[in-house]
Amino acid sequence: MNIPEFQQYKNSGKKLTVVTAYDALFTQIVEQAGLEVILVGDSLGMVVQGHANTLSVTMDDMLYHTRLVARTARQALVIGDMPFMSYQVSVEEGIRHAGQFLQAGAAAVKIEGGRSVVDRVEAMTRFGIPVMGHVGMTPQSVNQFGGYKVKGKMPEEAQSLVEDVKALEQAGVFAVVLECIPALLAKQVTDLLTVPTIGIGAGPHCDGQVLVLYDLLGLYDDFVPKFVKPYGHLKADALQALQRYREEVERGKFPTDHESYH
């Protein structure tokens, strides 16, 4: 999938399916399942690196995982998540770091923020770097928000969010992620914009949905938000398999003659 094909979904009536991935094996599985878009998310800070939030993730971390995914992907649109402090310092740094994602194989980048990052979006798109926006609950601002909270419940907050997405669209984003906002507000924003909206904890009215792969597979249960629906229980399966392996080794049941060379 490419950017124009992604955007055509807005009026096609078909929903976009987006999922995170961080390595070659899961990228293969995601593509075999027919998903169209892979976000190499800075959520890897939590589900891969074991941090409490995404703030410790570096550009080196993100570029490494982006290369793994982009090298493996054959059909999916790969989007690189720009980590904390990779675009906040200056427009110039933002362009340089965004360009590194494209050099690593991504087709686009995602950045968090509304009107505060419009100059970054304008500069990146001017130099041919496709940008996905991200508003609502923006994880890189978790300390400012005082935790992971629903945004846009109060009228003034909702109006500010609407102004943010309008500014992002005018600046040139090809899509916007809406995270943890009321479903009716997400519908209002989706109807307002000409670019697709991708929801995560934003109800059913967005043009598509995104989930963290480890969440939807039931692998990560340290923190399970309300909006997560586990479609598998791989952690339980893995625990059972590992326990059986340990027991069979301890009892001398593995390896058997079948697993031995002669």
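The table below gives the values:
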| read-out | value |
| --- | --- |
| Cross-chain or 6+ apart pairs with Cβ under 8 Å, region 175-192 first and in contact (Cβ under 8 Å) with a residue 40 or more places away in the chain, then of a type in the set (D, E, K, R) and assigned to a helix (DSSP H, G or I) | 176/169 |
| Those residues of region 140-167 which are basic (Lys, Arg) and surrounded by 13 or more Cβ atoms within 10 Å (Cβ to Cβ), in sequence order | 151, 166 |
| Count of region 4-28 residues which are assigned to a helix (DSSP H, G or I) and either surrounded by 14 or more Cβ atoms within 10 Å (Cβ to Cβ) or touching a helix residue (DSSP H, G or I) at 6+ places or on another chain (Cβ under 9 Å) (or both) | 9 |
| Flag for residue 177 being buried (at least 18 other Cβ atoms within 10 Å of the Cβ), under 26 Å from residue 53 (Cβ atoms), touching a His at 6+ places or on another chain (Cβ under 6 Å) and at pLDDT 95 or above | yes |
| Flag for residue 223 being in the same structural domain as residue 53 (by TED's automatic domain parsing), within 18 Å of residue 138 (Cβ to Cβ), in contact (Cβ under 8 Å) with a residue 60 or more places away in the chain and in a loop (DSSP other than H, G, I, E, B) | yes |
| Within region 194-220, tally of residues that are free of Cβ contacts under 8 Å to residues at least 40 places away in the same chain, under 30 Å from residue 170 (Cα atoms) and aliphatic (A, V, I, L, M) | 1 |
| Some residue of region 46-55 being closer than 23 Å to residue 197 by Cβ and in contact with a strand residue (DSSP E or B) (Cβ under 6 Å, 6 or more places away or on another chain) | no |
| Counted residues, region 20-37 - those being of a type in the set (Gly, Ala, Ser) and touching a residue at least 40 places away in the same chain (Cβ under 8 Å) | 2 |
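The values are calculated or read from the model by the stated rules, or taken from the named source; none is laboratory data. All figures in this text were calculated on a predicted structure; none of them were measured in a lab. Don't worry about glycine lacking a Cβ; one is built from the backbone with ideal geometry, like all the others, and counts go over all protein chains shown.
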